[in-house]
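Take a look at the structure set out below.
The values are calculated or read from the model by the stated rules, or taken from the named source; none is laboratory data. Being a predicted model, the structure only gives us computed values, none of them experimental. As a convention, Cβ positions derive from the backbone with ideal geometry for all residues, glycine included, and neighbour counts pool all protein chains shown.
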Amino acid sequence: MLLKSDRRRWALAGIAAAAVIGTCVAPYAQAEEGGGKSAQAQKKPAMEEVFRADFNGDAGSGPGDDWIIDKGHSYPGGADNWGTGEIQEYTDSKENLQLDGDGHLKITALKNGDNWTSARIETKRTDFTAPKGGKMRIEAALKTPDVSGDEALGYWPAFWTLGEPFRGNYQNWPGIGEFDVMENVNGQDTTHGTLHCGTNPGGPCNETTGIGKSHECSGGCKKDFHKYALEFDRSGGTEELRWYVDGEQFHSVKQSDVDAKTWSDATGHGHFILLNLAIGGAFPDGVAGSKTPTAATKSGGSLTVDYVSVESTGGASK
């Protein structure tokens, strides 16, 4: 897998101009209709990087000026426990949120007595979307917390987005759209990609479950970085969301899978990106079949982030 150090070496070799993170974009030949000859080779539109966080900085420093650090147990006026039942308090303490000095962001969940703390950040920008007729790709290289078995019960790391209209409102979920690029619960070697949309409960997107699919991590989710990506494709006749792990597509939702208003309400505006490590809540409880965390849940597990990038075939507005 290509992480930051690999990409730098490629750039020095003059190759990076032809690379989308994890995928090389090569010229392709288009066959002439009715004939066996190739038409003049055409190039696929190049993806332009419109946002990148490499988390370079001194050990112990924060994530940087591009990010908002959420605190407490809810947004002001928003649903308690962030609307998911998670039990931790989010803080800006470097014990919960810091750069490691080696180009990574670490979000760490800690237990103090009966209380848990962790961290959640979101981009200041809310305009990440695919231009009409183009594509957008949101990607991060992540390692999930290195905990397993009973010690992992309640751990819930996530890399995801929310629709721009949610910011400052906090009452219009799931209609404004949520794209879960990567979720992992209870230390399993399985991650999940999901679209949340429509109405809650039930509705066209089966809330609160959403329209999702799981993916088994090759070699495990915890020991190595894996690249998790969401692509929003508006280049064809039917718009589509696609989910990838290490370049392999494992899930998709098409515009035609829901009604036109539901799709437009969820995708017809910009999104902002979130990274967090929750403890407890509806998802880990549901998978475990019981309340989490438990007395056995281990303190100190970290979600480690190598980079976050957004690419577009036309760029997001700035």
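Values for this structure:
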quantity	calculated
The lone exception for residue 117 - which of (1) in a loop (DSSP other than H, G, I, E, B); (2) free of Cβ contacts under 8 Å to residues at least 60 places away in the same chain it fails	(1)
Condition check for residue 152: surrounded by 21 or more Cβ atoms within 10 Å (Cβ to Cβ) and farther than 20 Å from residue 282 by Cβ	no
Neighbours by Cβ (under 9 Å, 6+ apart or cross-chain): first from segment 261-276, closer than 21 Å to residue 139 by Cβ; second at pLDDT below 95 and of a type outside the set (Lys, Arg)	270/316; 270/317
Test: residue in segment 167-177 that is out of contact with any Lys or Arg (no Cβ under 7 Å at 6 or more places or on another chain), part of a strand (DSSP E or B), assigned by TED's automatic domain parsing to the domain that holds residue 267 and touching a residue at least 24 places away in the same chain (Cβ under 8 Å)	no
Matching option when the condition is in contact with a Phe, Trp or Tyr (Cβ under 8 Å, 6 or more places away or on another chain) and either of a type in the set (A, V, I, L, M, F, W, C) or modelled with pLDDT under 95 (or both), among 253, 245, 258	245
Those strands (runs of 3 or more DSSP E) lying entirely in segment 199-318 with at least 1 residues over 23 Å from residue 174 (Cβ atoms)	211-216, 226-233, 240-245, 248-254, 302-312
Single residue of segment 77-87 satisfying the filter (at pLDDT 95 or above and part of a loop (DSSP other than H, G, I, E, B)) that is surrounded by the most Cβ atoms within 10 Å (Cβ to Cβ)	86
Checking residue 192 against (1) touching a His at 6+ places or on another chain (Cβ under 9 Å); (2) surrounded by fewer than 19 Cβ atoms within 10 Å (Cβ to Cβ); (3) part of a strand (DSSP E or B), the condition it does not meet	(2)
Breaking point among (1) small (Gly, Ala, Ser); (2) surrounded by 16 or more Cβ atoms within 10 Å (Cβ to Cβ); (3) farther than 17 Å from residue 196 by Cβ, for residue 290	(2)
Residue match in segment 124-144 (condition: farther than 26 Å from residue 306 by Cβ and part of a strand (DSSP E or B))	no
Residue satisfying condition, being touching a Ser or Thr at 6+ places or on another chain (Cβ under 8 Å) and more than 24 Å from residue 129 (Cβ to Cβ), within set 214, 218, 235	214
Selection count, segment 46-75, where residues are in contact with a Lys or Arg (Cβ under 8 Å, 6 or more places away or on another chain) and assigned to a strand (DSSP E or B)	6
